[in-house]
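Structure record follows, encoded as structure tokens.
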Amino acid sequence: MHHGPVFAAPFHTPGDPAAAPYSYARSHNPTWTALEAAIAGLESGLAGGTHANGMPFRARALVFGSGMAAVAAVFGAVLRAGDVVVLPSDAYFAARVLLEQQFVPRGVTVRTAPTAVMERAGREGLFEGARLVWLETPSNPTMEVCDIRAICAAAGAAGTGDRRPLVAVDNTTATPLGQSPLELGADLSMCSDTKLMTGHGDLLLGHVAVREGALDRDGADLYDRLLAWRTQVGAVVGPMEAWLALRSLATLPLRAERSCANALAMAQFLKSRPETAEVRYPGLPSDPGYAVAKGQMRLFGPVLSFVLKNREAAEGFLSRSELVTVATSFGGIVTTAERRARWGNDSVPEGLIRLSAGCEAVEDLLEDFGRALEGLG
Ligand SMILES: *Cc1c(COP(=O)(O)O)cnc(C)c1O
């Protein structure tokens, strides 16, 4: 059990402040400490923290005011002028924009490849001379999967020692309960905890985890570098949100198990329907990403995508469904969906719907889907 949130901005710190665990709440806060310990436990993996190279490890985590604050911390702590970053062309839209608008003008070069061929692109030299390789698997919204172990091996081969690119994984769709990037060989594991991690659609939060003692190329401790970024930028989470997140994490296994089971049932149902052109869910044995996903994920996540004939059909489905809430974001206890092309940010078909399975009774949802699809083909 954890006591309530600690709201102090300055803490009582007589004498030498270096000796005090908490001095000012932009740097440290006891409620964050409890949340970070819980997240670090998840990030250490179910194998008890064994790196792909066989070495045991402990994860350390830092929480941020949003998923994007966590993304920015990785880019900001690692990238310098003259560096090359490799990014999936289908990565989360805001991460692409952040690099293009804030980091490229400061001298960073971006190389891109689609998630579905990132592994091959790595073998073929895309990672040469890169400072950071960013991955997102499964990707949002197209549900492509890439092989984290194989990509880390390709990154390792693309430069020895301190010239090796760091590999970071945006693990938002899977969460560290469903997939352990640090165990699979990645250097940084980032997650928007706004989504399935906290799951109630009522707070913004993000985190980054690294292996304890992991060093940056110049010998600086990676965790310290991320912590310095957070303190200097002030990309912090409020204590109330941190406390709500701690409560929410207690139900993560229950919520994740149910919503992932619902997602699989929905994917199977949608695939059986004549109205759907394509259904993507990494947990479907027929999915192109299934074999790789099975090798690196414990849970396949709550998100799936499917394509209806055109924009009208997709809008028709969403308006006729009585149980699906039309909303962006995902990973909540309530089933949500949206026609993704309405944002104009991703190159996806007009009829593509990204759907996030909630924790409702799946029979009700499938019956509702059936009614909403009727006659759309
Ligand atoms: C939502 C999301 C983010 C950004 O997280 P926020 O909490 O909204 O800032 C980053 N990556 C992925 C894959 C996401 O889905």
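Rolling a 1.4 Å probe across the protein heavy atoms gives region 321-362 an accessible surface of 39 Å² per residue. Helix-only arithmetic for the chain: the sum of -39500 (n - 2.57) across DSSP H runs with n ≥ 4, divided by the residue total, places the mean residue ellipticity at 222 nm at -10000 deg cm²/dmol.
Give me the distance between the Cα centres of region 323-377 and region 138-201, rounded to whole Å. Value for the Cα centre distance between the two parts: 25 Å. Over region 171-233, Cα pairs under 8 Å with separation of 6+ residues give a relative contact order of 24 percent.
For the pair GLU212 and ARG26 in one chain, pulling the backbone fully straight at 0.36 nm per residue adds 64.7 nm over the alpha carbon distance. A full extension of the chain between ALA19 and ARG298 corresponds to an added length of 96.3 nm, given 0.36 nm per residue minus the alpha carbon distance.
Heavy-atom accessible surface of region 32-159, averaged per residue, reaches 37 Å², computed with a 1.4 Å probe. Geometric descriptor of the chain, per residue, is 136 Å³ (volume of the convex hull of the Cα atoms).
Hey, any idea what the orientation-averaged projected area of the convex hull of region 314-377's Cα atoms comes to, in nm²? Its Cα hull, projected and averaged over all orientations, spans 4.3 nm². Segment ALA9..SER89, full-extension length gain: 24.7 nm, with 0.36 nm per residue of separation and the alpha-carbon distance subtracted. Residue by residue, region 14-27 carries 3J(HN,Hα) couplings of x, x, 5, x, 4, 7, 8, x, 10, 10, 8, 6, 7, 8 Hz when phi is fed to the Karplus relation 6.51 cos²θ - 1.76 cosθ + 1.60 (θ = phi - 60°); x denotes Gly or Pro. In this rough spin-label picture, where each label sits 7 Å from Cα along the Cβ direction, the ALA157-SER272 distance is 4.3 nm. Cα convex hull, region 107-157: 73 Å³ per residue, rounded to a whole number. In plain terms, if you count all Cα to Cα distances in region 225-362 and split them into 5 Å steps from zero, the share in each step is 2, 10, 15, 18, 17, 13, 11, 7, 4, 2, 0 percent.
Across all Cα pairs in region 195-234, the calculated P(r) in 5 Å bins from zero up to the longest distance comes to 5, 20, 21, 16, 15, 14, 6, 3, 0 percent per bin. Per residue, the Cα convex hull of region 147-231 amounts to 90 Å³. The simple Förster model, with R0 at 41 Å and r as the Cβ-Cβ distance, assigns HIS2 and VAL233 a FRET efficiency of 0.95. Distance between the modelled labels on ALA265 and THR251, one decimal in nanometres: 1.8 nm (7 Å Cα→Cβ projection).
For a straight C-alpha distance cut-off of 24 angstrom, the lysines reachable from LYS271 (same-chain residues fewer than eight places away being disregarded) are LYS294, LYS309. All Cα-Cα separations within region 1-138 were binned at 5 Å from zero, giving a P(r) of 2, 8, 13, 14, 15, 16, 13, 9, 6, 3, 1, 0, each value a whole percent of the pairs.
The order of the peptides 176-186, 319-329 by mean Cβ neighbours within 10 Å, most packed first, is 176-186, 319-329.
A simple spin-label model places pseudo-atoms 7 Å from Cα toward Cβ; at ALA220 and GLU322 they are separated by 5.8 nm. For the chain, the carbon plus sulfur part of the accessible surface works out to 55%, probe radius 1.4 Å.
The values are calculated or read from the model by the stated rules, or taken from the named source; none is laboratory data. Since we're looking at a predicted model, the values are computed, not measured. Cβ atoms come from the backbone with ideal geometry, glycine included; neighbour counts cover every protein chain shown. Just the protein is used for accessible areas: all its heavy atoms, side chains included, with ligands, DNA and RNA removed. Shrake-Rupley method; radii C 1.70, N 1.55, O 1.52, S 1.80 Å.
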